[in-house]
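*Asks:* Quick one: structure below, then a few questions.
The values are calculated or read from the model by the stated rules, or taken from the named source; none is laboratory data. None of these values were measured; they are calculated from a predicted model. Here the Cβ positions follow ideal geometry from the backbone for every residue, glycine too, while neighbour counts run over all protein chains shown.
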């Protein structure tokens, strides 16, 4: 797979967004760092731009002014002003020259490399808000463990600055390889999508054996793990899947689950990066369905949290 | 003296009434929602003259006034005052002092303002507005500033009176007269005493009226209420109240008479109501004379009464401001006491609950928060936003030291209350004319770029600083800006001081002066400098627009050399026509204030401190220093109409930024970044008040956890030195719906830089302005 040297060595982090004042991704007021690259291919992915572990360029056709500056500055000649979608994705290396040249912000860099110093400075900006609200930084993605080499040092740095850390993970990683990066994390938000291995493979492109094993490993290592379940209408919200999740929770002795209702907002991000993710055309998960699922869990003695930390 | 006689005549003859279910009596005019027309000031007369024959028929929010009343207003009242108003006196002095060199707006410019208006404010302008433009011009030395004919803007000294009663205050005044004053001082004191007599007469008229109604009343419950009102008005305000109910009646009567004595545009705050009313409340609740329900009802009734206020303003400005709620009467609760300890009490919470329950009012409600404020109290304050965009939050830990810098004692500084939108002064001892004198920073920038002219004028308005194309560095540009800013602030300070002299010489308010600590002792009216503390003010607007423009020039012209200054000026002149690409560079690829980005924030720090330095360097006749502030009460939209395009990518006609808030559409990094940017400024220096307006979506407040997080957001902002923050909790979708179906959204309230307004009452440009302010939804969903 295509990866830059820096990505492989972990000397810099490839980040596709940093959001300050996030209130749903852990306790308190948080800054969320979205790491780029993911081993799964969830059909309903909310952040399709998070998938590829390399820099890409997003193209927003409706605000393009057709000045052609982008094509002029592109050293790899990956831009053709006449063609729909504009960018030859095979040739483009995401260098961002066209983004700089574009006067209307119709081109956006998806993925920026941050060295440890710069990213840490960015995280520190809201430190006063973290301190007063017991918030901190959340590593999200994508799948942050793909960049475990970078994270290893970064997490320690947050720790020594007494910044609370949360990691959102899909659980698909080689535990032995990444465990050093995980050891300093204060809290994990761990996704369980589907329990049936066949379904999991169909929905995400990978099996879930490793995911469930890693969950057990993390818990037995004493980590603070919060389990979350995305409820995607017609995919993960079937009674069978919910029962199966309940069985796993019971087996592990987990008493709380966070339910994440599906929202199709992410689909608007598919086109600008010419992603191959399918359009599902699903509605928002209804309030009544969410309530129904929550009631099922509660009946089995499992607490539910419906909107993150809000 | 004439003022006190006029007050006496009014209070002895005006119609009194008590409405069904009213528990507190006192009316400022014969109509529930009426204006006391301040004909002696002049600016208002111009508007009225302009609208006579039209008040009932004007296209946007007409007034109810009878033909006979309108005839009397035009033929008798306004005609009598012609040439005798503050406005006339001010104009004469300004001409003497050569503040006016020439009519600076040529007819073409007037037309272009009106045309800009017609384009944007379709249906609200008429040809007659052109002549009103002449009045505007005459009332201000320059179009980029306004020196309104008002003073007002003070905290009425309720706290000084309520434990004494007016009878005792009169005795003090008589004692002071006995001390052998000069004739002028004695006359001032006698006028004060006469205004007290008139007030007591008025209260007794109300009492008789209540008794009369009680005699006719069939319902025994209401009969008892009316008798109680009668008894209350017989006792207060002559004597000190004996319980909470009497205290509320006392407060309202004094406030009503103050409003009648001054007329609309007073912006009379009532101060720290939860503090000076608390002893009465405690005693009445403890000895059971008042039930908690009645106490709460009285508080709600007071807030409703305070919410009935308006100012008559011209249609052309109407579209960019709101009449209703414009004459607000700020209530302040919470904060520390005079020794610095937490002063929040049961009454503070009751006031907060009352404002949350009322929901639909044009109140200005200020909540003071300090480092040691109980978390419950702060969360309760934030909780009000679940039901209304009402309260504004103020930071004791920034405001108190800023007031000490102004010369207040530590104790008096701790005892501050809010006036108008966001202006703090100590309670009951200060005359600080905190608003009505503003300057447009974006206008100063235009003067800088056009070498002392504006696009809409032909004449030079400001000194020559050389063509900007000759500037070799950004510092030279900054220096030229400083020259223009300094020149115009000088002009303003002189103009304001001359206006204040006109007031001091002949436009006294003995009643209100009597309430303010210092005036009796000094035997001087407040307009002469009688108060213990005296200040004047100059307020800046369009802060972020100006910062962003300077930042864009620094980056694109001086650093990256993407265009020359000459090209920039040509593009601005053409309002970016044919230069979308460069415009986008300015709006999209340049640093913006409010993103926690030093590329803009260092300019913000410079602009803020330069403005404060220049304003603070002036003193006035009342031995007052000028206090700088940053807020814009909706006037920033009008600014947008007058000025041309700005280098931040803003097109001509679009509003400039409000108060200290980031410019519209630039708050892309969320509220913490905006707060960090404002926190970098030396906020302690802008002691006349500065405001940061932010939008929050309702979902952020729907849970306990959400309330806690917003409370911590505010507390952190305050720990960074922010003075004030207020939230509009609405979604843009709701607002667009409200534009389409105003009938269904009559109760939708928003705050425009400090004052609360019904959204559907606002003109379209302000509505659009509010909508385009970036929505801070939660980013993590």
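*Asks:* Going by the structure shown, is residue B:667 within 13 Å of chain A (Cβ to nearest Cβ) and assigned to a loop (DSSP other than H, G, I, E, B)?
*Replies:* On the way: within 13 Å of chain A (Cβ to nearest Cβ): yes; assigned to a loop (DSSP other than H, G, I, E, B): yes.
For residue B:667, the condition - within 13 Å of chain A (Cβ to nearest Cβ) and assigned to a loop (DSSP other than H, G, I, E, B) - is met.
*Asks:* Go through B:552, B:536 for me and flag whichever is buried (at least 20 other Cβ atoms within 10 Å of the Cβ), under 30 Å from residue B:617 (Cα atoms) and within 14 Å of another protein chain (Cβ to nearest Cβ).
*Replies:* On the way: B:536 fails: within 14 Å of another protein chain (Cβ to nearest Cβ).
Only one candidate passes the filter, namely B:552.
*Asks:* OK, next. Provide a single number: the residues in region A:19-46 that are touching a helix residue (DSSP H, G or I) at 6+ places or on another chain (Cβ under 6 Å) and within 14 Å of chain B (Cβ to nearest Cβ).
*Replies:* The total comes to 7.
*Asks:* Moving on to the next point. Kindly indicate whether any position in region B:572-594 is part of a helix (DSSP H, G or I), more than 14 Å from chain A (Cβ to nearest Cβ) and surrounded by fewer than 20 Cβ atoms within 10 Å (Cβ to Cβ). Quick ask: steps written out before the conclusion?
*Replies:* First, pick out the residues of region B:572-594 that are part of a helix (DSSP H, G or I): B:572-573, B:580-588.
Then drop every residue that is not more than 14 Å from chain A (Cβ to nearest Cβ), which leaves B:572-573.
Narrowing the set further to residues that are surrounded by fewer than 20 Cβ atoms within 10 Å (Cβ to Cβ) leaves B:573.
Yes: one or more hits.
*Asks:* Just checking, which of B:683, B:728, B:693 is closer than 12 Å to residue B:397 by Cβ and more than 9 Å from chain A (Cβ to nearest Cβ)? Explain how you work it out, then say what you get.
*Replies:* Working: B:728 fails: closer than 12 Å to residue B:397 by Cβ; B:693 fails: closer than 12 Å to residue B:397 by Cβ.
It is B:683.
*Asks:* Here is a list: B:712, B:723. Which entry is within 21 Å of residue B:397 (Cα to Cα) and within 9 Å of chain A (Cβ to nearest Cβ)?
*Replies:* Working: B:723 fails: within 9 Å of chain A (Cβ to nearest Cβ).
None of the other options fit; the residue is B:712.
*Asks:* Among the numbered conditions (1) assigned to a loop (DSSP other than H, G, I, E, B); (2) in contact with a helix residue (DSSP H, G or I) (Cβ under 7 Å, 6 or more places away or on another chain); (3) more than 10 Å from chain B (Cβ to nearest Cβ), tell me where residue A:3 comes up short.
*Replies:* Only one criterion in (1) assigned to a loop (DSSP other than H, G, I, E, B); (2) in contact with a helix residue (DSSP H, G or I) (Cβ under 7 Å, 6 or more places away or on another chain); (3) more than 10 Å from chain B (Cβ to nearest Cβ) is unmet by residue A:3, namely (2).
*Asks:* What number of residues within region B:465-498 are surrounded by fewer than 19 Cβ atoms within 10 Å (Cβ to Cβ), over 33 Å from the mean Cα position of the chain (by Cα) and assigned to a helix (DSSP H, G or I)?
*Replies:* Number of matching residues: 5.
*Asks:* Another question, if that's okay. What number of residues in region B:615-661 are more than 14 Å from chain A (Cβ to nearest Cβ) and in a loop (DSSP other than H, G, I, E, B)? First the steps, then the outcome.
*Replies:* Just the residues of region B:615-661 that are more than 14 Å from chain A (Cβ to nearest Cβ), to begin with: B:615-648, B:650-661.
Keeping just the survivors that are in a loop (DSSP other than H, G, I, E, B) gives B:617-618, B:620-624, B:631-634, B:643-648, B:650-661.
Residues in region B:615-661 being more than 14 Å from chain A (Cβ to nearest Cβ) and in a loop (DSSP other than H, G, I, E, B): 29 in total.
*Asks:* Here is a further query. If we only count helices (runs of 4 or more DSSP H) wholly inside region A:95-170, which ones have 1 or more residues that are within 25 Å of residue A:85 (Cβ to Cβ)? Before you say what the answer is, go through the steps one by one.
*Replies:* Working: elements: A:97-101, A:116-124, A:127-133, A:148-160.
Qualifying helices (runs of 4 or more DSSP H): A:97-101.
*Asks:* Among the residues in region B:698-706, are any within 11 Å of another protein chain (Cβ to nearest Cβ) and not in a helix (DSSP H, G or I)? Quick ask: steps written out before the conclusion?
*Replies:* Step one: filter region B:698-706 for residues within 11 Å of another protein chain (Cβ to nearest Cβ), giving B:699-706.
Right, trim to not in a helix (DSSP H, G or I) and you get B:702-703.
Looking through region B:698-706, at least one residue is within 11 Å of another protein chain (Cβ to nearest Cβ) and not in a helix (DSSP H, G or I).
*Asks:* Can you name the residue in region B:1-19 that is touching a residue at least 60 places away in the same chain (Cβ under 8 Å) and part of a loop (DSSP other than H, G, I, E, B) and is also farthest from residue B:310 (Cα to Cα) among such residues?
*Replies:* Applying the filter and picking the extreme gives B:1.
*Asks:* For residue A:135, all conditions in the list (1) in contact with a helix residue (DSSP H, G or I) (Cβ under 9 Å, 6 or more places away or on another chain); (2) surrounded by fewer than 24 Cβ atoms within 10 Å (Cβ to Cβ); (3) within 14 Å of another protein chain (Cβ to nearest Cβ) hold save one; what is the number of the exception?
*Replies:* Looking at each condition in turn, residue A:135 falls short on (2).
*Asks:* State whether the residues of region A:95-112 include one that is free of Cβ contacts under 8 Å to residues at least 60 places away in the same chain, out of contact with any helix residue (DSSP H, G or I) (no Cβ under 7 Å at 6 or more places or on another chain), in the same structural domain as residue A:23 (by TED's automatic domain parsing) and surrounded by fewer than 21 Cβ atoms within 10 Å (Cβ to Cβ).
*Replies:* First, pick out the residues of region A:95-112 that are free of Cβ contacts under 8 Å to residues at least 60 places away in the same chain: A:95-107, A:109.
Keeping just the survivors that are out of contact with any helix residue (DSSP H, G or I) (no Cβ under 7 Å at 6 or more places or on another chain) gives A:95-96, A:99-100.
Add one more test, that the residue is in the same structural domain as residue A:23 (by TED's automatic domain parsing), and what stays is none.
No - not one qualifying residue is present in region A:95-112.
*Asks:* For residue B:759, are the conditions met, namely being modelled with pLDDT of 85 or more, within 23 Å of residue B:419 (Cα to Cα) and either buried (at least 20 other Cβ atoms within 10 Å of the Cβ) or more than 10 Å from chain A (Cβ to nearest Cβ) (or both)? Write out each step before concluding.
*Replies:* Working: modelled with pLDDT of 85 or more: no; within 23 Å of residue B:419 (Cα to Cα): yes; either buried (at least 20 other Cβ atoms within 10 Å of the Cβ) or more than 10 Å from chain A (Cβ to nearest Cβ) (or both): yes.
No: the conditions fail for residue B:759.
*Asks:* Within region A:69-92, identify whether any single residue is within 11 Å of chain B (Cβ to nearest Cβ), at pLDDT 90 or above and either crowded, with 21+ Cβ neighbours inside 10 Å or closer than 28 Å to residue A:149 by Cβ (or both), and answer yes or no. First the steps, then the outcome.
*Replies:* Pass one, region A:69-92, residues within 11 Å of chain B (Cβ to nearest Cβ): A:69.
Filter again for at pLDDT 90 or above, leaving none.
No: region A:69-92 contains no residue that is within 11 Å of chain B (Cβ to nearest Cβ), at pLDDT 90 or above and either crowded, with 21+ Cβ neighbours inside 10 Å or closer than 28 Å to residue A:149 by Cβ (or both).
*Asks:* With respect to the numbered conditions (1) more than 16 Å from the chain's Cα centre (by Cα); (2) away from chain B (no Cβ under 12 Å), which one is the sole condition not fulfilled by residue A:64?
*Replies:* In the conditions (1) more than 16 Å from the chain's Cα centre (by Cα); (2) away from chain B (no Cβ under 12 Å), residue A:64 misses (2) alone.
*Asks:* Run residue A:305 past the list (1) surrounded by fewer than 18 Cβ atoms within 10 Å (Cβ to Cβ); (2) away from chain B (no Cβ under 14 Å) and report the number of the one that doesn't hold.
*Replies:* That leaves (2) as the condition not met.
*Asks:* Moving on to the next point. Quick one: would you say residue B:413 is more than 19 Å from the chain's Cα centre (by Cα), more than 26 Å from residue B:621 (Cβ to Cβ) and at pLDDT 95 or above?
*Replies:* Numbers: more than 19 Å from the chain's Cα centre (by Cα): yes; more than 26 Å from residue B:621 (Cβ to Cβ): no; at pLDDT 95 or above: yes.
No: the conditions fail for residue B:413.
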